[in-house]
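K.L.:
Pasting in a structure now, in structure tokens, and then I'll have a few things to ask.
The values are calculated or read from the model by the stated rules, or taken from the named source; none is laboratory data. Everything numeric in this text was worked out from a predicted model, so none of it was measured. Cβ sites come from the backbone with ideal geometry, for glycine too, and all protein chains shown count toward neighbours. These area figures cover heavy atoms from the full protein model, side chains too; ligands, DNA and RNA do not enter into them. Shrake-Rupley method; radii C 1.70, N 1.55, O 1.52, S 1.80 Å.
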Amino acid sequence: MGVRDRAFTLTVLRLPLVRAAIEINRNSPSQAVQLLDAARRYEAAAEFWPIYVRGQAYLRQRTGAEAAAEFQKIIDHRGQAPLSALYPLAYLGLARAATLTGDTAKSRKAYQDFLAFWKDADSDLPILQEAKREYEKLK
């Protein structure tokens, strides 16, 4: 990758991602969504990161339908980045989004899919523990 390509990647993809993540942590998810609009045209080259971060912003906004649509894009297009760690995490995002929309059956199924992916993971991982607690509340 040449200098020009690296500068392009940094400017168009990475900076909006980092800034969006900062805005989510500052509890400004709408600002995060706006920042990610700059990367929308190139997000296929970013291995789902803009989509995932946008989904997280929508979760923070408590707009479940929008969040679900973002996470579903990742699930539907796994072939673009088959080894991406974001693929199983998209199921967790989808589960949380479905909970926000009141679709308990869809939420339960997405949690089950996430937990199946992570069945061999270390049981003390905070995100796994969190997902298990959330899933138990749905039963």
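K.L.:
When GLY55 is evaluated against the numbered criteria (1) over 18 Å from ILE24 (Cα atoms); (2) buried (at least 17 other Cβ atoms within 10 Å of the Cβ), which criterion, by number, is the only one it fails?
P.N.:
Result: GLY55 passes all but (1).
K.L.:
Follow-up. So ASP76 clears everything in (1) within 29 Å of ARG19 (Cβ to Cβ); (2) open to solvent by less than 50 Å² (accessible area, probe 1.4 Å) except one condition, right? Which one?
P.N.:
(2)
K.L.:
For LEU86, are the conditions met, namely being among the hydrophobic types (A, V, I, L, M, F, W, C) and either open to solvent by 70 Å² or more (accessible area, probe 1.4 Å) or within 13 Å of the chain's Cα centre (by Cα) (or both)?
P.N.:
yes
K.L.:
Also, quick follow-up: Within the set of pairs 6 or more residues apart or between chains, which connect a residue that is within 16 Å of TYR91 (Cβ to Cβ) inside the stretch 113-139 to a residue that is among the polar types (S, T, N, Q) with Cβ atoms less than 7 Å apart?
P.N.:
Going by the 7 Å Cβ cut-off, the qualifying pairs are LEU138/THR104; LEU138/SER107.
K.L.:
Sticking with this one: Might you let me know whether the stretch 58-66 holds any residue that is under 21 Å from GLU130 (Cβ atoms), at pLDDT 95 or above and exposed (fewer than 14 other Cβ atoms within 10 Å of the Cβ)?
P.N.:
yes
K.L.:
In the stretch 10-52, how many are of a type outside the set (Asp, Glu) and closer than 18 Å to ASP76 by Cβ?
P.N.:
Of the residues in that region, 9 qualify.
K.L.:
Considering the stretch 98-110 alone, what residues qualify as being open to solvent by 30 Å² or more (accessible area, probe 1.4 Å), without any contact (Cβ under 8 Å) to a residue 40 or more places away in the chain and not basic (Lys, Arg)?
P.N.:
THR99, THR101, GLY102, ASP103, THR104, ALA105
K.L.:
Whether any residue in the stretch 124-139 is open to solvent by 50 Å² or more (accessible area, probe 1.4 Å) and touching a Ser or Thr at 6+ places or on another chain (Cβ under 8 Å) is what I want to check.
P.N.:
Checked the stretch 124-139: at least one residue is open to solvent by 50 Å² or more (accessible area, probe 1.4 Å) and touching a Ser or Thr at 6+ places or on another chain (Cβ under 8 Å).
K.L.:
What is the one condition in (1) free of Cβ contacts under 8 Å to residues at least 40 places away in the same chain; (2) within 17 Å of TYR52 (Cα to Cα) that ALA95 does not satisfy?
P.N.:
Among (1) free of Cβ contacts under 8 Å to residues at least 40 places away in the same chain; (2) within 17 Å of TYR52 (Cα to Cα), ALA95 violates only (1).
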